[in-house]
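Scroll down for the structure; my scribbles are underneath it.
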Protein chains: 2
Amino acid sequence: MPAYRIEIRVVPRRGILDPQGKAVADALHSLGFPEVTDVRVGRHVVVETRAASADEAQRRAAEMCERLLANPVTEDFEIEQVVEIAAVSAAAHG
Amino acid sequence: MPAYRIEIRVVPRRGILDPQGKAVADALHSLGFPEVTDVRVGRHVVVETRAASADEAQRRAAEMCERLLANPVTEDFEIEQVVEIAAVSAAAHG
């Protein structure tokens with residue numbers, strides 16, 4: 001079964017308070033970046049998995065987001081890309 | 001000065017132990033996703049800022065990553081995109 005690398009972005013929803021983003025914005029101001037007007041901090045999750053096809057990998061990744069990776073109340077997720085890595089993986093793992 | 005939204009991805013370097021990724025992989029296995037072979041968890045940072053040009057915004061964002069957003073020993077960063085949002089921002093803020 002082919003292997004895929006899936007890149008997933010999970011970010012706080014607009015309008016949801018993001019204290020980590022606020023802290024980063026304040027730190028950037030202190031470090032000499034006064035032009036920054038807003039920062040939001042989410043997660044970037046890289047999942048390597050096996051699936052029958054890229055479509056199947058993407059469908060399963062959406063399920064993973066709904067079940068575990070994203071908080072449906074406060075976060076939005078986006079599956080940024082699904083890349084087949086079977087050849088790379090076979091070479092890397094022998 | 002135009003406003004830009006910059007999307008930045010910060011991920012643990014390959015070969016660096018990623019306990020959070022390991023915990024997520026274990027949880028996915030328990031939740032019925034045995035096909036997952038590896039997970040790495042990084043950050044997705046969205047910075048809204050003002051700059052003279054998209055190139056200038058990108059250059060400043062790289063400085064922010066080097067100074068604060070990424071740990072140069074354990075993490076890689078990538079500036080995924082720089083999008084002008086001046087019109088949107090003006091409409092949204094008044």
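The values are calculated or read from the model by the stated rules, or taken from the named source; none is laboratory data. Small disclaimer: the values here were computed from a predicted structure and weren't measured. Positions of Cβ are backbone-derived with ideal geometry, glycine not excepted, and every protein chain shown enters the neighbour counts. Please note that ligands, DNA and RNA were not included when accessible areas were found on the heavy atoms of the full protein model with its side chains. Shrake-Rupley method; radii C 1.70, N 1.55, O 1.52, S 1.80 Å.
Restricting attention to the range A:17-40, and to residues there that are in a loop (DSSP other than H, G, I, E, B) and surrounded by fewer than 16 Cβ atoms within 10 Å (Cβ to Cβ), which single residue is farthest from the other protein chains (Cβ to nearest Cβ)?
Taking the candidates together, the pick is A:L17.
Hey, among the residues in the range B:1-37 that are touching a Ser or Thr at 6+ places or on another chain (Cβ under 8 Å) and charged (D, E, K, R), which one's farthest from B:L69 (Cα to Cα)?
B:E35
Conditions first: (1) assigned to a strand (DSSP E or B); (2) facing another protein chain (nearest Cβ under 9 Å); (3) open to solvent by less than 60 Å² (accessible area, probe 1.4 Å); (4) closer than 23 Å to A:P19 by Cβ. B:I6 passes all but one, so which condition is the exception?
(2)
Mind listing whichever residues of the range B:52-61 are surrounded by 15 or more Cβ atoms within 10 Å (Cβ to Cβ) and out of contact with any Asp or Glu (no Cβ under 8 Å at 6 or more places or on another chain)?
Listed by number, the residues that qualify are B:E56, B:A57, B:Q58, B:A61.
Please determine, by comparing only the residues of the range B:62-94 that are open to solvent by 60 Å² or more (accessible area, probe 1.4 Å), modelled with pLDDT under 95 and of a type in the set (A, V, I, L, M, F, W, C), which one is nearest to A:H44 (Cα to Cα).
Residue satisfying both the conditions and the ranking: B:V73.
With respect to A:E66, determine if the residue is more than 10 Å from chain B (Cβ to nearest Cβ) and closer than 18 Å to B:A27 by Cβ.
Yes.
Can you find, within the range B:41-75, the residue that is farthest from B:V10 (Cα to Cα) among those that are part of a strand (DSSP E or B) and aliphatic (A, V, I, L, M)?
In this case the residue turns out to be B:V47.
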